[in-house]
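Data block below; observations after.
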Amino acid sequence: MTQAKALPFIVRDPVVLAVIGLNGVILYLDAFPSVNAHFHVWIQWVDMLFIGYFVAEVFIKVRHYGSFRKYFADPWNVFDFIIIALSTPALVSPFISLSAENMGALTALRIVRILRLIRPMRLVPDANKLWPGIYRALRASVGILLILVFVNLLLSLMATLLFGGIPEAKEFFGNPFASMYSLLKVFTIEGWYEIPELLAERGVADHYILGLRIYFASIVLICGIFGFSIANAVFVDTLVADNSDELEEKVDKLYEELRQFRAEVARWSNKE
């Protein structure tokens, strides 16, 4: 019997997953204003029961493993522990009364509760292959993303100098930060035609509109299409690189075996 099967039934993965699912349904319903207005107090107490279960889950597993050191030897247990530790402050939410000025703290507690819903990520099929692939892909994509950020900074500064002096365009290009946000939408091929049309309706001179359209069209082609296409290509290629390497290794072994077979056949032919 494996260690996972030897765990008490109440903290085995299927049971934990079912509890997380029920907890997700409760939190989802609580987000509806009509439900929250009538049942918020009850939902809070039910949610506290879920939190209590998750805290108990940690201690049951620690007892099963024998010590915290052995429990934390599994990276997924570390992941679970962090998520549960971050969600436990919600236990105090029913017992505190915050003024309107401090409602942000209560909102933060509610948001932290949602973190528990990402725990099923550890139960994704073939997660041991998927997450390392995603990690490799993210590392390989960092360089391209940094280049895109640098290009965005450069283009936003140019846009500020070119179009920031137009009074009607202040909200889009009045400063580098506003320009960066406007060009980020253009990067994602959103709003690249809306902004010029809006400025045209505001009476901006035709030559400015023409220059802005050419500028935006160039950004869409160079950064929006080619830039993100390259980033996606690198990400996907690196994500599946593990499978490609394994396939190439098998092909190399097959080629080596075929070469040895041919050499053996040639040796026996020479003997005859």
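No lab work stands behind these numbers, since they all come straight from the coordinates. Note that this is a predicted model, so its numbers are computed, not measured.
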### Query
Can you work out ³J(HN,Hα) from phi for every residue in the stretch 204-213, in order, using Karplus 6.51 cos²θ - 1.76 cosθ + 1.60 and θ = phi - 60°, giving whole Hz and x for Gly and Pro?
5, 4, 4, 5, 5, 5, 4, x, 5, 5
### Message
Per residue of the stretch 39-54, what does 6.51 cos²θ - 1.76 cosθ + 1.60 with θ = phi - 60° give for ³J(HN,Hα)? Whole Hz please, x for Gly and Pro, Karplus curve as stated.
### Response
10, 4, 4, 5, 5, 4, 5, 5, 5, 5, 5, 4, 4, x, 4, 5
